[in-house]
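Have a look at the structure below, then the notes.
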Amino acid sequence: MKETYDVIIGGSGIAGSATAMILGKNDLDVLLVEAKTHPRFAIGEGMLPLTAVWMWIVGEYFEIPEIQHVSDANKIVDNITQSCGVKHSVGFAYHEADQPFTGEHAHQLVPPEMPFYKESHLMREHIDHYLVESAADYGVDYVDEMPITDVEINDDDVTVTTTQGTTTAAFFLDATGGNSVLAEKMGYRDETPEIEADTRAIFTHVEGLEPFDDLIDEKDHPGQTNRLHDGTLHHVFEGGWIWVIPFDNFERSTETKASIGLMLDREVYPRDETLTAKEEFYEIIGAYPDIERHLGSVEPVMPWIRTGRLQRSASKSSGHRHMLTNHTYGFVDPLYSQGMVHTFESVFRSANLLLDAFAEDDFAAERFTPIDDLHRRQLETADFLVSNAYKATGEFDLWNAWTQLILVESIFPDLYIQRYCLKYLSSGDVTEFDQLLGVPRPGDDAPFIPEKDALLERCADVLDRHVEGELSAEKAAQVMFEEMRQAEWLPHNFYEWGNTEARHIDGGDPAVTGALLTWGQTEAPAHIQEGLFDFELPEMS
């Protein structure tokens, strides 16, 4: 460790290490400071198609193949670790207390196979360690077991104090998460986050997980290309849900463990201090026969972790000579696996801002305000989707309607960002991705945004009226389904939005994805045809 650097990055999770590699490749002198050591446990293990897309974009744009390796399960096994699952299914199984599970209460989205990524279940201790080690190949200095105790932002530099001494730099990037010394010192941390979601977690890693598909009747299977076990399964019930993330569901994986975690609305499930974390977990799942059958016999391989309220936020993400990463700025809830999408949106934006600042030798606060706008938009969107999802868990009719809306929220934004990848693959011009820097959050300028946002807002208002007692669950669900049926801009030939029996999309079936593309090129409203489906499709694997 030297006395001075261009950039000091506090925290060596994915955001810190990825940014360090980008800056190092661009000839900046970078110090990466870690309070603990690697390998270490971390959550954030389930990718989405959009997570993989963003990793691929960042790796391609900045020419960092190590980041791109994480976007593809086969490349993970080839280059990083054989402890890697796949996420070729996003499944939800809704349960009612003391009742057996029925397939009529299941939803499954099977994403299409794409030629340039393959989304995964990440054993984070291996992934994070790999990225830290890779940073050294780009000239990054790395120190660990060195907690940051103070950060001083000066006119001409920053001074970072650790348990081992003091170092200066031109800029400080704070990727230390919820325990940020800088956010606390600058008064950025919100004492009471203005986040509607209010949840807590109990989680661990386990051995002995059987596929849920093997425990339920054949008639209750979704009957699509992939099993529920071929991705992340969410057990959902009133006031909570459980993630089930197997690392053994990829034929090239040698891992036998799985990640399971219980998420609870704190109003519905206040913490019971008379029980241990393990006891509370099993007491709660004991009310749901088929969740208990699925998870009751697994064997934890690490201590159970139980949290208080997960939600946190900050008033700012940047200032003179400093920025916070998205995870340091705030967090909502792991439902819908948005965290790493947000991380790589943030890495893409912040790395560009930093490289421009060093090119012009200008570190004024106003240069970095786009990162504030991005993180605020990410947090608001996550809270909107998650808080309304918890409101919908009380009755299956509501959950069914809200899950159909989540498909609207997922499919169209995913396709819009993938569109830039497809355009780049056709043109070979990496500046295709520069357009993603021109709006507060990538995708804000997508042609369907006004219609999508208005639909979601109207349905969220319906959920609020239900919560306030104005509408029954049945009536609220009917109104939401009718809203979707009347949405003429949606591709109803691809998926029957508004049909209460339509619960699955099989993107693994070429006929299904073909129906979406045909609609987009021939029947979609003109502004969607021109602004979303204006790409050439490469040959699919």
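The values are calculated or read from the model by the stated rules, or taken from the named source; none is laboratory data. Everything numeric in this text was worked out from a predicted model, so none of it was measured. Virtual Cβ from ideal backbone geometry, glycine too; neighbours counted across all protein chains shown.
From the list 513, 522, pick out the single residue that is surrounded by 18 or more Cβ atoms within 10 Å (Cβ to Cβ) and polar (S, T, N, Q). Give the derivation first.
Working: 522 fails: surrounded by 18 or more Cβ atoms within 10 Å (Cβ to Cβ).
Only one candidate qualifies: 513.
Look through the range 431-447, keep the residues that are free of Cβ contacts under 8 Å to residues at least 40 places away in the same chain and acidic (Asp, Glu), and return whichever of them is farthest from residue 372 (Cα to Cα). Working first, answer last.
Of the range 431-447, the ones free of Cβ contacts under 8 Å to residues at least 40 places away in the same chain are 431-432, 434-435, 438-439, 443, 445.
So of that shortlist, the ones also acidic (Asp, Glu) come out as 432, 434, 445.
Values: 432: 24, 434: 19, 445: 18 Å.
Only one residue tops the list, namely 432.
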Checking the structure you have, find out if any residue of the range 43-59 is aromatic (Phe, Trp, Tyr), in contact (Cβ under 8 Å) with a residue 24 or more places away in the chain and not assigned by TED's automatic domain parsing to the domain that holds residue 161. yes
Within the range 479-501, residues in contact (Cβ under 8 Å) with a residue 60 or more places away in the chain and not hydrophobic (A, V, I, L, M, F, W, C) come out as 495, 498, 500
Please determine whether any residue of the range 495-503 is in a helix (DSSP H, G or I), assigned by TED's automatic domain parsing to the domain that holds residue 425, out of contact with any strand residue (DSSP E or B) (no Cβ under 7 Å at 6 or more places or on another chain) and not small (Gly, Ala, Ser). no
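Among the listed residues 425, 379, which satisfies the condition of being hydrophobic (A, V, I, L, M, F, W, C) and at pLDDT 95 or above? Spell out the reasoning first.
Details: 425 fails: at pLDDT 95 or above.
Result of the check over 425, 379: 379.
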For the range 523-539, give me each residue that is over 17 Å from residue 452 (Cα atoms) and in contact with a helix residue (DSSP H, G or I) (Cβ under 8 Å, 6 or more places away or on another chain). 534, 535, 536, 537, 538
Out of (1) part of a helix (DSSP H, G or I); (2) charged (D, E, K, R); (3) crowded, with 22+ Cβ neighbours inside 10 Å, what's the single condition that is false for residue 333? (1)
Name the residues in the range 380-412 that are in contact (Cβ under 8 Å) with a residue 24 or more places away in the chain, of a type in the set (Asp, Glu) and surrounded by fewer than 20 Cβ atoms within 10 Å (Cβ to Cβ), would you? 395, 397, 409
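Per-residue answers, yes or no, for (1) closer than 26 Å to residue 257 by Cβ; (2) crowded, with 24+ Cβ neighbours inside 10 Å; (3) out of contact with any strand residue (DSSP E or B) (no Cβ under 6 Å at 6 or more places or on another chain):
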position	(1), (2), (3)
12	yes, yes, no
17	yes, yes, yes
27	no, no, yes
37	yes, no, yes
52	yes, yes, no
56	no, no, no
64	no, no, yes
69	yes, no, yes
So residue 426 clears everything in (1) closer than 27 Å to residue 51 by Cβ; (2) within 27 Å of the chain's Cα centre (by Cα); (3) in a helix (DSSP H, G or I) except one condition, right? Which one? (2)
Residue list for the range 129-153, filter: polar (S, T, N, Q) and farther than 16 Å from residue 19 by Cβ: 149
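Condition check: β-branched (Val, Ile, Thr), in a helix (DSSP H, G or I) and farther than 23 Å from residue 226 by Cβ. Does residue 462 satisfy that?
Details: β-branched (Val, Ile, Thr): yes; in a helix (DSSP H, G or I): yes; farther than 23 Å from residue 226 by Cβ: yes.
Answer is yes for this residue.
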Select, from 11, 24, the only residue that is under 21 Å from the mean Cα position of the chain (by Cα), over 23 Å from residue 117 (Cβ atoms) and modelled with pLDDT of 95 or more. 11
Could you list, in sequence order, the residues of the range 342-379 that are surrounded by fewer than 20 Cβ atoms within 10 Å (Cβ to Cβ) and aromatic (Phe, Trp, Tyr)? 358
Hey, residue 41 hits all of (1) closer than 29 Å to residue 150 by Cβ; (2) of a type outside the set (Asp, Glu); (3) in contact with a His (Cβ under 7 Å, 6 or more places away or on another chain); (4) outside any helix (DSSP H, G or I) but one; which does it fall short on? (3)
Looking at the range 484-503, can you tell me whether even one residue there is in contact with a Lys or Arg (Cβ under 7 Å, 6 or more places away or on another chain) and farther than 23 Å from residue 531 by Cβ? yes
Taking the stated definitions as given, is residue 471 of a type outside the set (S, T, N, Q) and touching a residue at least 24 places away in the same chain (Cβ under 8 Å)? no
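Suppose the filter is assigned to a helix (DSSP H, G or I) and closer than 21 Å to residue 331 by Cβ; does residue 372 pass it?
Working: assigned to a helix (DSSP H, G or I): yes; closer than 21 Å to residue 331 by Cβ: yes.
Yes: the conditions hold for residue 372.
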Report yes if some residue within the range 174-189 is buried (at least 22 other Cβ atoms within 10 Å of the Cβ) and among the polar types (S, T, N, Q); otherwise report no. yes
What are the residues in the range 513-541 that are in contact (Cβ under 8 Å) with a residue 60 or more places away in the chain, assigned to a helix (DSSP H, G or I) and out of contact with any Leu (no Cβ under 9 Å at 6 or more places or on another chain), if any? 513, 527, 528, 530, 531
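When the residues of the range 429-459 are filtered to those that are of a type in the set (Asp, Glu) and assigned to a loop (DSSP other than H, G, I, E, B), which remaining residue is farthest from the chain's Cα centre (by Cα)?
We begin by selecting, within the range 429-459, every residue of a type in the set (Asp, Glu); these are 429, 432, 434, 444-445, 451, 453, 457.
This time we only want the ones that are assigned to a loop (DSSP other than H, G, I, E, B), so: 429, 444-445.
Values: 429: 28, 444: 18, 445: 21 Å.
Among those residues, the one meeting the criterion is 429.
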